[in-house]
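Okay, structure first, notes after.
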Amino acid sequence: MSVLIYQGDADTDFVKVKFPEHKIYVYTKKTTIYFDFDSYEVKKEEAEKLKIFGKGDKVIVSGFASPEGSRSYNLSLSEKRALNVADILRMRGVIVRQLSAEGEDHCWVPGERFFKECRKVEVEEFHGEESFGLP
């Protein structure tokens with residue numbers, strides 16, 4: 001069992017996860033990049049959000065899609081979104097420690113009018129023990 005502690009305000013996210021082995025992950029920066037329907041192109045204004053991550057930062061990149069398409073299509077689209085964001089980060093010297101495509105599985109937003117909130121990539125910086133596998 002793990003313990004999750006969340007602290008934050010409108011501008012920052014700070015998540016600390018402590019596992020039974022007393023190993024700790026700390027997420028210090030997080031941003032969300034949004035996409036147009038059926039697109040994996042990172043818009044310029046969205047790419048600007050990635051400037052919070054600097055050379056040597058270690059990040060997790062997770063791609064998502066809204067549930068309008070088939071499961072296989074949404075997984076593919078999620079992966080393309082995540083890969084494009086990861087490429088931008090790598091060009092800036094950021095270390096992508098994990099990349100995942102979630103498809104529509106994690107779209108918890110009720111109602112079609114909110115599907116735009118599911119068309120995204122989440123990027124989280126973490127600090128922790130190198131030998132400790134990512135969640």
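The values are calculated or read from the model by the stated rules, or taken from the named source; none is laboratory data. Just so it is clear, the model here is predicted, and its values are computed rather than measured. As a convention, Cβ positions derive from the backbone with ideal geometry for all residues, glycine included, and neighbour counts pool all protein chains shown.
What the table shows:
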quantity: Residue list for the range 52-87, filter: out of contact with any Ser or Thr (no Cβ under 7 Å at 6 or more places or on another chain), among the hydrophobic types (A, V, I, L, M, F, W, C) and closer than 10 Å to Val123 by Cβ; calculated: Phe53, Val59, Ile60, Val61, Val85, Ala86
quantity: Only one of Phe53, Phe115 that is among the aromatic types (Phe, Trp, Tyr) and either surrounded by 20 or more Cβ atoms within 10 Å (Cβ to Cβ) or free of Cβ contacts under 8 Å to residues at least 24 places away in the same chain (or both); calculated: Phe53
quantity: Any pair with Cβ under 7 angstrom, 6 or more apart, that starts in the range 20-37 at a residue that is basic (Lys, Arg) and buried (at least 16 other Cβ atoms within 10 Å of the Cβ) and ends at one that is at pLDDT 60 or above and not in a strand (DSSP E or B); calculated: Lys29/Ile52; Lys29/Phe53
quantity: Number of the condition not met by Leu75 [criteria: (1) buried (at least 16 other Cβ atoms within 10 Å of the Cβ); (2) within 20 Å of Lys43 (Cβ to Cβ); (3) of a type in the set (A, V, I, L, M)]; calculated: (2)
quantity: Candidates Ile95, Ile60, filtered to the one that is modelled with pLDDT under 95, surrounded by fewer than 15 Cβ atoms within 10 Å (Cβ to Cβ), within 15 Å of the chain's Cα centre (by Cα) and not aromatic (Phe, Trp, Tyr); calculated: Ile95
quantity: Those residues of the range 25-60 which are in contact with a Phe, Trp or Tyr (Cβ under 7 Å, 6 or more places away or on another chain) and of a type outside the set (D, E, K, R), in sequence order; calculated: Tyr25, Val26, Tyr27, Thr28, Val59, Ile60
quantity: Qualifying positions in the range 10-57 - modelled with pLDDT under 90 and among the small types (Gly, Ala, Ser); calculated: Ala10, Gly56
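This table checks each residue for (1) acidic (Asp, Glu); (2) touching a strand residue (DSSP E or B) at 6+ places or on another chain (Cβ under 8 Å).
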residue: Phe64; (1), (2): no, yes
residue: Pro67; (1), (2): no, no
residue: Asn74; (1), (2): no, no
residue: Glu79; (1), (2): yes, yes
residue: Met91; (1), (2): no, no
residue: Ile95; (1), (2): no, yes
residue: Ala101; (1), (2): no, yes
residue: Asp105; (1), (2): yes, no
